[in-house]
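Novice: A single structure is presented below for examination.
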Amino acid sequence: MADPGRLELILRKPTVGWFPKPTVIFNGRGQPAQWGTGTWQVSPTDPTEVTVFLFNRLWKFGRASVTISPGDHTPLLYRPPLFFVGPGRLARVSNESKKRMPLAR
């Protein structure tokens, strides 16, 4: 069973091209992140807004945001846009589909 105060976030790196490291924000506070799978501490009693974006020293892009309810610890998957403009995607991932995912590069 998952720890009630932890959230698993899968940051999927694009297979083509160079992309900067993602920035992850929980309730307005930035957190260091790398491509791949990580876990972060979240409040077990209050809703948490999760935002991910990329920054290439000129502009932000690939922004995606979702609010999770207290006690909802379904893993989240972030996918950046194909090009250096536009929004990214941040969605919940079931454990079954997570098992079928290839490892991050």
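Bear in mind that the values in this text are calculations on the coordinates, not laboratory data. Owing to the predicted nature of the structure, the values given are computational and were not obtained by experimental measurement. Here the Cβ positions follow ideal geometry from the backbone for every residue, glycine too, while neighbour counts run over all protein chains shown.
Novice: How large is ³J(HN,Hα), in whole Hz, for each residue of region 81-86 in order, when computed from phi with the Karplus curve 6.51 cos²θ - 1.76 cosθ + 1.60 and θ = phi - 60°, using x for Gly and Pro?
Specialist: Couplings: x, 5, 10, 7, 9, x Hz.
Novice: Here's another thing I want to ask about it. For n ≥ 4 DSSP H runs only, could you compute -39500 (n - 2.57) per run for the chain, divide by its residues and tell me the 222 nm figure to the nearest 500?
Specialist: -1500 deg cm²/dmol, from helical runs alone.
Novice: When the chain is modelled as a GNM with alpha-carbon springs shorter than 10 Å, which of Leu54, Leu90, Leu82 fluctuates the most?
Specialist: Maximum fluctuation in the GNM of the chain, among the listed residues, is at Leu82.
Novice: Right, another one. Across region 19-27, in residue order, what do the Karplus-derived ³J(HN,Hα) couplings come to in whole Hz, using 6.51 cos²θ - 1.76 cosθ + 1.60 with θ = phi - 60° and x for Gly and Pro?
Specialist: 10, x, 5, x, 10, 10, 10, 10, 6
Novice: Continuing with the same structure: Limiting things to C-alpha atoms, what are the Rg and the maximum Cα-Cα separation (Dmax) for region 1-93, in angstroms?
Specialist: 13.0, 42
Novice: Where the only charges are on Cβ atoms (+1 Lys, Arg; -1 Asp, Glu), what is the dipole of the chain about its Cα centre, to the nearest 20 debye?
Specialist: 560
Novice: Let me ask you something else. Please build a GNM for the chain, connecting alpha carbons under 10 Å apart, and tell me which residue among Val24, Val16, Val93 fluctuates the most.
Specialist: Val16
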